[in-house]
1. Roughly how many whole Å is it from the C-alpha centroid of the range 40-54 to that of the range 242-308?
2. Suppose all protein chains stay in the model; what accessible area per residue would a 1.4 Å probe give for the range 11-89, in Å²?
3. Quote the accessible area belonging to residue 36 in square angstrom, nearest 10, computed with a 1.4 Å probe and with ligands, DNA and RNA left uncounted.
4. When the accessible area of the chain is computed with all protein chains present and a 1.4 Å probe, what percentage of it is carbon and sulfur?
5. If one takes the longest principal axis of the Cα atoms in the chain, at what angle in degrees, from 0 to 90 and to the nearest 10, does the Cα axis of helix 123-133 lie?
6. Is the shape of the range 106-187 rounded, prolate or oblate, going by the alpha carbon gyration tensor and its root eigenvalues a ≥ b ≥ c, with a/c under 1.5 for rounded and a/b larger than b/c for prolate?
7. When only Cα pairs under 8 Å and 6 or more residues apart are kept, what is the percent relative contact order across the range 108-258?
8. Rounded to a whole number of µm²/s, how large is the Stokes-Einstein D of the range 1-75 at 20 °C and 1.002 mPa s, given Rh as the Kirkwood radius over C-alpha pairs?
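The values are calculated or read from the model by the stated rules, or taken from the named source; none is laboratory data. These numbers were taken from a predicted model, which means no experiment stands behind them. Backbone-built Cβ (ideal geometry, glycine too); neighbour counts: all protein chains shown. Accessible surface is based on the protein model in full, side chains and every heavy atom, while ligands, DNA and RNA are left aside. Shrake-Rupley method; radii C 1.70, N 1.55, O 1.52, S 1.80 Å.
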Amino acid sequence: MRGKAWITEWDPEDEVFWERTGRRVARRNLWLSVLSEHIGFSVWSMWSVLVLFMSPEIGFDFTKAEKFLLVVTPTLVGAVLRLPYSSAVARFGGRNWTVFASGVLLVPCGLAAYFVQRPGTPLWVFLLIGGLAGVGGGNFASSMTNITGFYPLRHQGWALGLNAGGGNLGVAFVQLLGLLVIATAGSTHPSYVAAVYLPLIGCVALLAAVKMDNLATLRTAPGALREAAAHPDTWWISLLYIGTFGSFIGYGFAFGLVLQSQFDSTALEAASATFLGPLLGSLSRPLGGRLADRYGGARVTLWNFLGMTVGTAVLLVASLQGSFALFIAAFTVLFVLTGLGNGSTYKMIPAVHAAEAERAVAAGHDAEAAFTRSRRRSGAVIGIAGAVGALGGVAINLAFRTAYGSWGTGTAAFAVFLGYYGLCMLLVWAVYLRPRPEQGPAEVTRPDRQRSTTRV
């Protein structure tokens, strides 16, 4: 039932309901969620582009370390905000919160458009504006929590991958916009990048207000976040998400500065190379979700981390040899793998809790209560994992800041990343795939129906 934009009865696992009503409503909310998250990511990652413009030519003489700090600040704020943003959907409703979360982006965009054309503005002002841009990073958590409630488990890998991938495209889009501005107006007009988003933000907020719905079934019982935090799988998956999403957002924010620091690239050269990786990584995220729907999230994630380990080893070689072409190629492959891993890792969240619900039902507990609890706890875990994963982006940018500030090369940072990806491979195998004598391999069932069997 729907009244005043609130849907009070919603059961996507009922295939008759899903085909008759659910699919259409879920798709409408999904596409509007994608638009809002896309704009949020663009604003969040805008400073990865603006720092490329900030040169003595337009009156800004910031050091490499200061520029990396400008990139770290919105990353950190966005990561911290993801937890309260995920809870806000349950409290205020997906539609209501999307309208607010979209509209508030006008503040950092307007301030950025004004101050980046004011030579002599001190660093602390830009750090404050960059921190305000971090609100765009929180949009991911609220959007993903909202979409989890609309889709049945059998389609959540694809739906969450599409939602997140469309949002992640905001990183590539703002970088393409920066390239377009540099190529047409030169490197002295950074305000154009921010100004473009002001009308787009208004349009998205208006569309969300008119077309989206609030889902009453997402209202979270008191203590759901605390319960999720006490669950060990929340932290195992969060560690994996540091490796996938933390890498995607960390590399996406820092790539232009890395090229300028490693190879002395110009603003145009850096902008020309930075967009492709985030673009491909965003497009590959839905594919990672779809593969996880079919083969299991843990299995896809394991193979993905193996690929990231190999790719980082190649990147390390390129850094040591000073090979620009190999460096770009290895980074591009890594971006694709981070996207695949983002999709497969997030698929593991609802799958883990659905499997627990199945065990509860088998033990004699009420099925409806068990699966309702599973969905609500999944939403809380999405918020926690999203926040922790984004902190991985902060760590990556700090690693680059330290490496380039101390040694003038990113080789030491790449070696650290290589070790972490290897650790993630061991973690996936030990926790989710290692055969256990009493029950066989951890992944033994199919994800086709939530209330029958679920593959992690």
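1. 17 Å
2. With the other protein chains kept in place, the range 11-89 gives 36 Å² per residue.
3. We get 10 Å² for residue 36.
4. Its accessible area is 67 percent carbon and sulfur atoms.
5. 30 degrees
6. Note, shape of the range 106-187 comes out oblate.
7. Details: 63 pairs, mean separation 42.7, N = 151.
This gives 28 percent for the range 108-258.
8. Approximately 132 µm²/s, per Stokes-Einstein.
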